[in-house]
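Scroll down for the structure; my scribbles are underneath it.
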Amino acid sequence: MCGIVGFVGSGNAKEKIIDGLKRLEYRGYDSAGIALPIDGKIEIRKHVGEIKNLEKIIGEAEFDSSIGIGHTRWATHGAPSDVNSHPHGNMDSSIAIVHNGIIENYQEIKEWLIKEYGIVFKSETDSEVIAHLIGIFYDGDLLAAVNKAVEEMRGAYAVCAIAADEPDKMVAVRKDAPLVAGIGKGFNFIASDIPALLKYVRQVYLIENNETVVLTKDDIVIYNENGDKVKRDVFNVTWDADAAEKEGYDHFMLKEIHEQPKGISETLLRRLEEDGSVNLDGISMTKEDIESFNKVYIVACGTAYHAGLVGKLVIEKMARVPVEVDIASEFRYRDPFVDENTLFIAISQSGETLDTLAALREAKRKGARVLSVVNVVGSSVARESDDVFYTWAGPEIAVASTKAYTTQLICMYLIGLYMGSTKGTIDKEYYNKVLDELKALPGKVEAILDKEPEIEALAKKYHRKEQVFYIGRGLDSGVSYEGSLKLKEISYINSFAIAAGELKHGTIALMEPDTLVFALATQDFLYEKMVSNVEEIRARGARIIGVSKEGKTEIEKVCDEVFYIPQCIDEVSPVLAVIPLQIFAYYVAKERNCNIDKPKNLAKSVTVE
Ligand code: AGP
């Protein structure tokens, strides 16, 4: 997510804004900037890269003011660059804005502004349209201009604007992106997040959806969407800065587990047109391209590879094309069968994993069409792909990937639906059924998160186990690999995943009385076989935690515990089945006092071979 900081009042705006931006660095960003009204116009300084790059270009002493806005950007539209960084200004530098979120109808607005007002755009971003909209509506009243601009915009946004002609006022507006106002003495702040303010204030107003805020050095006025002033209780922040970055969660991993409903919703809903069709922005494959593929490779590492295991079954089922999933470090050295009729899908949260990047280059060299599923906009994997399909999970800070995984799965479903509907291998009824199920996922994930204490209790009960198995069939098999990786990488327990049907071919020899086994049984058509597999290991004394859909209770007879996920069609159950496994791994690691966000020996992005 992007970070916003605005300051108005007595004192050095530049210094306070930079301080605030630095407290937002944990959110992940790729560029930073600041805007200050100086000598009757807005001066903007911005730079790609870290805040220290920005500090270098704003070092000059005269560049200061008692009001200003700053921003750290997490790119969604337009690669990281100086010109795409925020703040954005209008053409005569009388207005500047910073924005967090996505303006869904920015193209339409941009074309209108160019056609009707001859606006010359500088950046590739959606956000720049906001500065120009406010600029054309501005007639000396910034609040009125912002309100008019907002009427034209669709999407999610937290925006803060300043005007050269009103250098004592900031106007901010919030819709589906966080915003807080910091209450000072002789000064006031606006920010995306509480950590940005904690050095200077402990009292804030939490701005609610569709509210607009006018801040001067001595006043903060909040308006609702009808333009009425609202009275807001003061929120006293008791957190320390470190806790505030995690928004009260003990670890980034738990925060990111809880961000999954939003990430799934962002990754999915922004790609659904009003007629229900899927708009795969960033993908230029034609019908002919899609029909020309006689093979698909999904290549990745770690959790991303596990998303590929699900993607294989989903894309094969929907698009009826052979899909091979490969670990990137293996793919690149086995002289794979790749040619111009091959679709190569790279999955990578960071977009910088060297093994995945090298595999992508090998596939390109052999003529494949490359589509990447990436979370970091403008990353190396994204830049070197023919098409990029972004997950909009927001920055993932914890080394153990959670929200990136579930949003990668959403991309697998959307690619499968897109290819299947293009090729005619799925009918409209099935297409709509899957789409409806995907839309219901955020709510169902929330329902599982509400049962967190139940999973925490299981973790407390079993956290001393030194070996844990994860088994499943079909889609559950891929999810069991992900559940196993989550546990081993943050709790250091030796966990092991295997296709349930494979157990009897050797691994069952490891089953001892009290061996702990997670048995995933969410695939209706394989349910009976899973129950049989569980009976086999139960007969050897194992302790079994089943994961099953609500209503499928037969497995209770052979399990010691069962965690139920909401009903859903088999295809989409991986998005739900993985949640209890993530939470279990988290609380086991917590019980074992492990360094959950930064596990030993691990890096968030493995940029070496
Ligand atoms: C997953 O929890 C791990 N952090 C790791 O396996 C990770 O998924 C893998 O290194 C791939 O990273 P990427 O998605 O950034 O390419």
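Taking the conditions exactly as written (within 16 Å of the ligand (Cβ to nearest atom) and farther than 24 Å from Val434 by Cα), does Glu489 satisfy them or not?
Working: within 16 Å of the ligand (Cβ to nearest atom): yes; farther than 24 Å from Val434 by Cα: yes.
Criteria met by Glu489.
Just one of the listed residues (Asn210, Asn188, Asn224) is open to solvent by less than 60 Å² (accessible area, probe 1.4 Å), out of contact with any Lys or Arg (no Cβ under 9 Å at 6 or more places or on another chain) and not charged (D, E, K, R), and it is Asn224.
Could you please find all residues in region 323-340 being away from the ligand (no atom under 15 Å from the Cβ) and not charged (D, E, K, R)? Break it down stepwise before answering.
First pass over region 323-340, keeping only residues away from the ligand (no atom under 15 Å from the Cβ): 323-324, 333-340.
Answer for region 323-340, where residues must be away from the ligand (no atom under 15 Å from the Cβ) and not charged (D, E, K, R): Val323, Tyr333, Pro336, Phe337, Val338.
Checked against the criterion of being under 20 Å from Arg271 (Cα atoms), in a helix (DSSP H, G or I) and open to solvent by 10 Å² or more (accessible area, probe 1.4 Å), the candidates Lys115, Lys110 yield just one match: Lys110. For Ala539, the stated conditions do not hold, so it cannot be described as within 30 Å of Tyr26 (Cα to Cα), aliphatic (A, V, I, L, M) and either out of contact with any Phe, Trp or Tyr (no Cβ under 6 Å at 6 or more places or on another chain) or away from the ligand (no atom under 16 Å from the Cβ) (or both).
Taking the conditions exactly as written (away from the ligand (no atom under 15 Å from the Cβ), on the phi < 0 side of the Ramachandran plot, among the hydrophobic types (A, V, I, L, M, F, W, C) and open to solvent by less than 50 Å² (accessible area, probe 1.4 Å)), does Ile315 satisfy them or not?
Numbers: away from the ligand (no atom under 15 Å from the Cβ): yes; on the phi < 0 side of the Ramachandran plot: yes; among the hydrophobic types (A, V, I, L, M, F, W, C): yes; open to solvent by less than 50 Å² (accessible area, probe 1.4 Å): yes.
The answer is yes for Ile315.
With the structure loaded, tell me whether Arg73 is open to solvent by 40 Å² or more (accessible area, probe 1.4 Å) and in contact (Cβ under 8 Å) with a residue 60 or more places away in the chain or whether it fails that test. Walk me through how you get there before you give the answer.
Numbers: open to solvent by 40 Å² or more (accessible area, probe 1.4 Å): no; in contact (Cβ under 8 Å) with a residue 60 or more places away in the chain: yes.
Here the answer is no, as Arg73 does not meet what is asked.
Which ones in region 596-609 are touching a residue at least 40 places away in the same chain (Cβ under 8 Å) and open to solvent by 10 Å² or more (accessible area, probe 1.4 Å)? Spell out how you get there, then give the answer.
As a first pass, look at region 596-609 and keep what is touching a residue at least 40 places away in the same chain (Cβ under 8 Å): 596-600, 602-609.
Matches in region 596-609: Asp597, Lys598, Lys600, Leu602, Ala603, Lys604, Ser605, Val606, Thr607, Val608, Glu609.
Within region 596-606, is even one residue away from the ligand (no atom under 16 Å from the Cβ) and within 22 Å of Lys488 (Cβ to Cβ)? Within region 596-606, not a single residue is away from the ligand (no atom under 16 Å from the Cβ) and within 22 Å of Lys488 (Cβ to Cβ).
When the helices (runs of 4 or more DSSP H) confined to region 341-433 are screened for residues that are surrounded by fewer than 24 Cβ atoms within 10 Å (Cβ to Cβ) and away from the ligand (no atom under 14 Å from the Cβ), those reaching at least 3 such residues are found at 354-365, 403-423.
Step by step: first the residues of region 134-159, then only those that are in a loop (DSSP other than H, G, I, E, B) and open to solvent by 20 Å² or more (accessible area, probe 1.4 Å), then the one that is modelled with the lowest pLDDT. Which residue is that? If you could, list the steps in order and put the result at the bottom.
Going residue by residue through region 134-159, those that are in a loop (DSSP other than H, G, I, E, B) are 138-141, 153-154.
After this cut, where a residue has to be open to solvent by 20 Å² or more (accessible area, probe 1.4 Å) as well, the list is 138-141, 154.
Details: Tyr138: 98, Asp139: 97, Gly140: 97, Asp141: 98, Arg154: 92.
Checked region 134-159; the qualifying residue modelled with the lowest pLDDT is Arg154.
Of the residues making up region 446-490, those that are closer than 15 Å to Tyr586 by Cβ and either of a type in the set (Val, Ile, Thr) or at pLDDT below 95 (or both) are Ile448, Ile455, Val468, Ile490. Every listed requirement among (1) within 16 Å of the ligand (Cβ to nearest atom); (2) over 23 Å from Val578 (Cα atoms); (3) open to solvent by 10 Å² or more (accessible area, probe 1.4 Å) is met by Tyr297 save one, (3).
For region 169-184: of the residues being more than 28 Å from the chain's Cα centre (by Cα) and part of a strand (DSSP E or B), which is nearest to Glu247 (Cα to Cα)? Steps first, answer last, please.
Filtering region 169-184 for residues more than 28 Å from the chain's Cα centre (by Cα) gives 169-170, 183-184.
Next, from what is left, pick out any that are part of a strand (DSSP E or B): 170, 183.
Details: Met170: 25, Ile183: 19 Å.
Ranking the qualifying residues of region 169-184, first place goes to Ile183.
Among residues of region 300-312 being under 15 Å from Phe344 (Cα atoms) and away from the ligand (no atom under 13 Å from the Cβ), the one that is most open to solvent (accessible area, probe 1.4 Å) is Lys312. Thr216 - would you say it is within 16 Å of the ligand (Cβ to nearest atom), open to solvent by 10 Å² or more (accessible area, probe 1.4 Å), under 30 Å from Lys22 (Cβ atoms) and at pLDDT 95 or above? When the stated conditions are applied, Thr216 does not pass them. Restricting attention to region 253-289, which residues are closer than 30 Å to Ile490 by Cα and open to solvent by 20 Å² or more (accessible area, probe 1.4 Å)? Across region 253-289, the qualifying residues are His258, Glu259, Lys262, Ser265, Glu266.
The values are calculated or read from the model by the stated rules, or taken from the named source; none is laboratory data. A quick note: this is a predicted structure, and the numbers were derived from the prediction, not measured. We place every Cβ from the backbone using ideal geometry, glycine too, and count neighbours over all the protein chains shown. Keep in mind that these areas ignore ligands, DNA and RNA; they rest on the heavy atoms of the full protein, side chains included. Shrake-Rupley method; radii C 1.70, N 1.55, O 1.52, S 1.80 Å.
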